[in-house]
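In what follows, a structure is listed as structure tokens, so that the remarks can point back to it.
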Amino acid sequence: MTARSYEVRTYGCQMNVHDSERLSGLLEDAGYVRAPKGEPADVVVFNTCAVRENADNKLYGNLGHLAPAKAERPGMQIAVGGCLAQKDRDTIVRKAPWVDVVFGTHNVGSLPVLLERARIEQEAQVEILESLDVFPSTLPTRRESAYAAWVAISVGCNNTCTFCIVPALRGKEKDRRPGDVLAEIETLVGEGVIEVTLLGQNVNAYGSDMGDREAFSKLLRSCGRIDGLERVRFTSPHPRDFTDDVIAAMAETPNVMHQLHMPLQSGSDRVLRAMRRSYRQDKYLGIIERVRAAMPDAAISTDIIVGFPGETDEDFEQTLHTVREARFAAAFTFQYSKRPGTPAATMDGQVPKEVVTERYQRLLALQEEISWAENRAQVGRTLEVLVAEGEGRKDHDTARLSGRAPDNRLVHFERPAEGVRPGDLVSVEISYAAPHHLLAERPPLAIRRTRAGDAWERRTAAPATKPGVLLGMPQIGAPAAEATPTAVACCD
């Protein structure tokens with residue numbers, strides 16, 4: 001009997017990307033196989049996001065496109081999970097009655113059983129839990145590459161930002177025990193991974209439900225003691241919880257990268273108060289100053305929302321001032337979008353679209369100028385680049401390879417005569433800088449073949465019928481100013 005094929009379509013933040021790895025692992029553990037790219041799948045799973053105002057329109061549009069295909073293919077199934085499923089519940093089946101399964105953020109592990117139940121009973125299965133049944137990291141995983149991986153250290157969020165609905169959908173923060181996190185990392189390293197990204201909706205609040213305010217910095221230091229782990233990153237922290245012990249751990253732990261994604265959202269104290277963000281401009285810039293004092297080479301990126309309800313010209317000028325002072329390497333900028341169900345959606349003072357657009361363009365132009373200047377400062381430097389798969393969209397046409405520097409800057413470099421694999425490390429001299437990438441126009445100065453490159457080679461040489469645990473490449477997202485919804489964590 002031919003195994004049924006599946007496809008997972010992911011929208012939203014890094015947590016959703018990581019959840020999709022779990023969904024793929026669950027389906028493969030149940031005997032499904034991934035559908036070849038471009039070919040129709042027997043099961044299509046939508047892992048949804050509820051952060052943007054038009055998230056439901058996008059979902060129902062995509063479901064509508066699949067309806068004719070499902071009508072023509074007996075046995076085809078469609079499942080909808082994630083934050084929008086948690087929020088809309090029965091609405092999805094009412095609007096799209098051809099959907100077979102709806103599941104929420106708290107019961108990812110139920111998908112295979114729900115699919116089978118829907119097939120047998122010939123009716124839609126809707127199962128939404130109000131609290132987590134199993135911590136996602138205990139589930140099977142189908143990761144995408146052999147050299148870097150997401151490692152979730154917590155789920156949920158205790159913040160009450162007025163623009164964000166995710167805490168209501170993901171629940172209160174729950175932390176994994178440090179021993180469990182470190183055991184997962186050690187297993188990944190044993191399989192070839194050399195880079196991990198610690199993941200949480202508010203990653204540096206880790207330890208809040210264990211009563212240890214320094215748990216996150218301790219975890220970073222513990223990662224530094226794992227032999228073979230070369231790069232450690234984390235996303236996304238909250239300025240409220242970013243303490244000096246974390247800065248010290250970053251500076252003093254050799255494998256923790258000097259890269260920080262620190263959401264600002266607004267530079268105006270008045271707007272930050274309306275957003276219910278528990279810091280102000282001075283505190284934020286103070287954190288940036290202390291990070292740079294401890295790590296002068298740190299690359300700092302951020303998130304900014306333009307046009308939050310009530311934002312005045314003066315408020316926006318304060319954001320521009322903060323951007324000039326902070327000198328971010330990159331910024332993920334967003335025009336404010338109503339999130340149904342959030343306090344901000346019904347606030348007075350909704351800013352006209354044309355005003356938001358004009359401010360947004362001014363912010364983009366300023367950040368582009370700063371990003372380019374910061375990148376030009378890298379010209380002449382020698383950087384060690386972790387060769388990546390799929391980072392350079394034009395690599396095939398340019399005969400180049402691409403990867404990430406320690407500070408997460410994207411680097412393109414000339415393909416050497418000697419074979420280089422994803423997961424290997426190369427030392428290159430930067431000769432040119434653009435706002436969103438660096439270029440080394442000469443071959444690498446040195447090539448270091450790694451266990452990660454070996455793992456990638458094994459995986460691509462002879463793919464198994466059941467891949468087991470494959471290792472995913474976490475991406476913070478393209479450092480372009482116009483970020484996609486997958487670029488940043490959704491409630492930081």
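The values are calculated or read from the model by the stated rules, or taken from the named source; none is laboratory data. Given the structure is predicted, the values throughout are model-derived calculations rather than measurements. Please note: Cβ atoms are built from the backbone with ideal geometry, for glycine as well, and neighbour counts cover all protein chains shown. Protein only, heavy atoms only, side chains kept; ligands, DNA and RNA dropped before computing areas. Shrake-Rupley method; radii C 1.70, N 1.55, O 1.52, S 1.80 Å.
The set of residues in the stretch 111-166 that are at pLDDT 90 or above and of a type in the set (Phe, Trp, Tyr) comprises Tyr147, Trp150, Phe163.
Restricting attention to the stretch 90-123 and to residues that are within 18 Å of Gly12 (Cβ to Cβ) and of a type outside the set (Gly, Ala, Ser), the residue that is surrounded by the fewest Cβ atoms within 10 Å (Cβ to Cβ) turns out to be Asn107. Condition (residue is in contact (Cβ under 8 Å) with a residue 24 or more places away in the chain, in contact with a helix residue (DSSP H, G or I) (Cβ under 8 Å, 6 or more places away or on another chain), farther than 19 Å from Leu272 by Cα and surrounded by 21 or more Cβ atoms within 10 Å (Cβ to Cβ)) applied to the stretch 338-355: is it met by at least one residue? No; the residues of the stretch 338-355 include none that is in contact (Cβ under 8 Å) with a residue 24 or more places away in the chain, in contact with a helix residue (DSSP H, G or I) (Cβ under 8 Å, 6 or more places away or on another chain), farther than 19 Å from Leu272 by Cα and surrounded by 21 or more Cβ atoms within 10 Å (Cβ to Cβ). In the stretch 256-265 there is at least one residue that is without any contact (Cβ under 8 Å) to a residue 40 or more places away in the chain and within 25 Å of Ala152 (Cα to Cα). Residues that are open to solvent by 20 Å² or more (accessible area, probe 1.4 Å) and acidic (Asp, Glu) within the stretch 141-174 comprise just one, Glu144. When you check Ala183 against the structure, is it of a type in the set (A, V, I, L, M), out of contact with any strand residue (DSSP E or B) (no Cβ under 8 Å at 6 or more places or on another chain), open to solvent by 10 Å² or more (accessible area, probe 1.4 Å) and over 22 Å from Pro239 (Cβ atoms), yes or no? Judged against the criteria, Ala183 is a match. I'd like to know if the stretch 294-308 contains one or more residues that are under 26 Å from Cys49 (Cβ atoms) and assigned to a loop (DSSP other than H, G, I, E, B). Yes: one or more hits.
To keep it simple, each residue is scored yes or no on (1) charged (D, E, K, R); (2) at pLDDT below 90; (3) open to solvent by less than 60 Å² (accessible area, probe 1.4 Å).
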residue	(1), (2), (3)
Gly12	no, yes, yes
Leu27	no, no, yes
Gly31	no, no, yes
Glu39	yes, no, no
Gly64	no, no, yes
Pro68	no, no, no
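Evaluate the following for Ile288: is it modelled with pLDDT of 95 or more, of a type in the set (Val, Ile, Thr), in a helix (DSSP H, G or I) and within 21 Å of Leu364 (Cβ to Cβ)? Taking the combined requirement at face value, the residue satisfies it.
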